[in-house]
Amino acid sequence: MSDTEKIMQGIDDVDARAFVSKIMCGIMRIGKGAPSFDDVTMEDIENEDFYRREPKITRKEMLSDVYKMDYEKRGKAIVINNKNFTPDMVRRGYGVRTGTDIDCTRICKRLEILGFDVDRHHDATCFEIKKAFATAAKEDHSDEDCFVGVLLSHGEEDKICGTDGTVELQDIFTYFKGNNCNTLAGKPKLFFIQACRGHKFDSGQNLNTIDAKRGYDDAFEKAEDIRIPNEADFLLSYSTVPGFYSWRNSTNGSWYIQGLVHVLDQYGTTLEVQKLLTKLNKIVAYQDKFMSNTNDPSMHGKKQIPSFTSMLTKDLYFLPKQQ
């Protein structure tokens, strides 16, 4: 391959601290990781109307097998796009995330086409990340279908990087639990996370190929109140599985966001969300272009598989909004 072809194809990098190559970020990644950041609590966000709101959702909608997606608005989408990090973070090995701006542009455009009100945050500190999500959780979502959070950054297991440290992902999710954000109770809360979740590589494996319903619902219908778990109605989509690196191409953006935007383009308004994410898994796992291309032999030719965890209680379709 010529030098020009290499530039056009781009160089693949990973979204985590630590490994052995100076090629990745221009430095050797060292240290014990980034400092963690203390909580921004719900009480830190001022909103006088928050405690007076009641969710606007009927019993019929709650017991349906499909989420109601014809509210007045689609909902808010918070997108965190971190490319540059503080000198201290760079010394710890969290270098510039070349290619992430491509990811941000593509996913924001797709979310806007689906009808979301997209709020972008570039190079956000830990405080700014947590404040953005805590503020969104205290807004009134009564007339909205759902909520989406997108995080594009370096990461570790169960953590996402601000420009100056790390944030526990669970802290972000907690803002949107039913007891903290009652106008999203019973509605989908979706998170898409492009970041590493560890330090393992997936080398892949060559494969030789050849050519009556039970009667609980009736009793449930008669209940006076419907109590739902605070943890319900979340979907967490990750670019990789726990313990592994996540790849990002300097020219084309991350493999995960490339695949996600593709399935949303092709099937976003017609296919159920969990089927969409299964198609995403297949694309990233099987397509030849999603194999690492680096100048370091120990990192070359690696693979990746996205994953998702669903606490959704119904089928979810991004049906087109009426104009």
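Nothing in this text is a laboratory measurement; each read-out follows from the coordinates by a stated rule. Just so you know, these numbers come straight off a predicted model, no measurement behind them. Positions of Cβ are generated from backbone atoms using ideal geometry, with glycine treated the same way; all protein chains shown enter the neighbour counts.
In a DSSP loop and with at most 14 other Cβ atoms within 10 Å, the GluC sites (Glu not before Pro) in region 113-205 are Glu157.
Taking max minus min of the alpha-carbon positions on each principal axis, region 56-155 gives extents of 55, 25, 20 Å, largest first. Secondary structure note: in region 97-193, about 55% of the DSSP beta bridges are antiparallel.
Applying the Karplus relation 6.51 cos²θ - 1.76 cosθ + 1.60 with θ = phi - 60° to region 157-170 yields 3J(HN,Hα) values of 4, 6, 9, 10, 8, x, 5, 10, x, 10, 10, 5, 4, 4 Hz, where x marks Gly and Pro. Electrostatic bookkeeping for Asp288 treats Lys and Arg as +1 and Asp and Glu as -1; over the other residues with beta carbon under 14 Å from its beta carbon, the sum is +3. In this rough spin-label picture, where each label sits 7 Å from Cα along the Cβ direction, the Glu72-Lys200 distance is 4.9 nm. Residues Met89, Met69, Met311, arranged from fewest to most other Cβ atoms within 10 angstrom of their Cβ, appear as Met311, Met69, Met89.
With the convex hull drawn around the C-alpha atoms of region 251-323, the volume per residue stands at 105 Å³. In terms of Cα atoms, the Rg and Dmax of region 123-173 work out to 11.9, 35 Å.
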